[in-house]
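Engineer: Here it is, the structure in full.
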Amino acid sequence: MYIERFLKEMKTTKAKLEDNMENILKKISQNCFYYFKSKVEMKEIYDYCQLEDHEVDLDYTLFENSVKRLDKDYQILYDVLFLLRENYNIMHLIIKNCEADSFEYLSDFLVNFFYENTVNSTFNEEELMILIYLLIEDYILDKMPKSFISLYSNNNEGFFGTGIINNIFKYISRKVNVRNFTCLILS
């Protein structure tokens, strides 16, 4: 008798939990939509203010029910965006191959929309910080002018040559606490 009552209580508790979970997920989805709708409206106002010709009418629209609107293409697009967000090397390659005149638009999209973390209230976007780290690393290792490097090393194989300091910095820069410290400095 006691076990029977306990099982009934567990069943009703599970049903309540599932209902609450579904309601919470709907509210989160709705609030995220309103949040990004406001961000798109702010972007539209900002871009309009930046225009030289104010006769141009800008109209940025965020569609509410993208799953129904995109139909079969939704899952493909979702998978691609998820892959891009989770694989920093692919995003890093896209940025490296991007035309220089698109950097401003791409940066705005990445910082304000793509890597926006709507659930975390600390404004600490780890994914964006990792991407910034990769870009800084790329700049330091690949893009520094050889003349600048040659001032500080006897050979042109790197900022500190191929010696121990180069290897120490390479491995220090990959430590999590150093990345976290860099994230704090940059934010």
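No value in this document is a laboratory result; all are computed from the given coordinates. All of these numbers come straight from a predicted model, not from anything done at the bench. In this analysis, Cβ positions are derived from the backbone assuming ideal geometry, glycine residues included, and neighbour counts consider all displayed protein chains.
Engineer: Among 88, 3, 98, which residue has its Cα positioned farthest towards the positive end of the charge dipole of segment 1-121, with +1 placed on the Cβ of Lys and Arg, -1 on the Cβ of Asp and Glu, and the dipole taken about the Cα centre?
Structural biologist: Looking along the dipole axis, the top candidate is 3.
Engineer: Rounding to the nearest 20 debye, state how big the charge dipole of segment 1-64 is about its Cα centre with +1 on each Lys and Arg Cβ and -1 on each Asp and Glu Cβ. Could the numbers behind the result be given before it?
Structural biologist: Numbers: 10 positive and 14 negative charges, 223 e Å.
Here the size comes out at about 1080 debye.
Engineer: What is the order of 131, 17, 141, fewest Cβ neighbours within 10 Å to most?
Structural biologist: Going from least to most buried by this count: 17, 141, 131.
Engineer: Apply the Karplus curve 6.51 cos²θ - 1.76 cosθ + 1.60, θ = phi - 60°, to the phi angles in segment 50-55 and return the couplings in whole Hz, x for Gly and Pro.
Structural biologist: Values per residue, Gly and Pro as x: 7, 5, 7, 9, 7, 7 Hz.
Engineer: Quick one: net charge of residue 10's neighbours, Cβ under 13 Å, K/R +1, D/E -1? Don't jump to the answer; show the numbers that get you there.
Structural biologist: Details: positive: 5, 8, 11, 14, 16; negative: 4, 9, 18.
Value of the local net charge: +2.
Engineer: Which pairs break 30 Å Cα to Cα here: 26/96; 26/72; 68/96; 39/96; 37/72; 16/68?
Structural biologist: Distance filter (> 30 Å) returns 26/96; 68/96.
Engineer: What net charge do the residues around residue 40 carry, taking every other residue with its C-beta under 11 Å from that of residue 40, with Lys and Arg at +1 and Asp and Glu at -1?
Structural biologist: Once positives and negatives cancel, what remains is -1.
Engineer: Same structure, new question: Using a ≥ b ≥ c from the Cα gyration tensor of segment 71-143 (square roots of the eigenvalues), is it rounded, prolate or oblate, where a/c under 1.5 gives rounded and otherwise the larger of a/b and b/c decides, a/b for prolate?
Structural biologist: Since a/c reaches 1.5 but b/c is at least a/b, the shape of segment 71-143 is classed as oblate.
Engineer: Would you please report the Å³ per residue occupied by the convex hull of the alpha carbon atoms in segment 1-135?
Structural biologist: 184
Engineer: Something else now. What's the magnitude of the charge dipole for segment 22-106 around its Cα centre, counting Lys and Arg as +1 and Asp and Glu as -1 at the beta-carbon? Answer in Debye, nearest 20.
Structural biologist: 740
Engineer: Output the Cα-based Rg and Dmax of segment 1-64 in Å, rounding Rg to one decimal and Dmax to a whole number.
Structural biologist: When restricted to Cα atoms, segment 1-64 yields Rg and Dmax of 23.5, 79 Å.
Engineer: Now a separate question. Note down the net charge around residue 29, summing +1 for each Lys or Arg and -1 for each Asp or Glu among other residues with Cβ under 12 Å from its Cβ. Each step should come with its number before you reach the end.
Structural biologist: Details: positive: 26, 27; negative: 22, 64.
Combined, the nearby Lys, Arg, Asp and Glu give 0.
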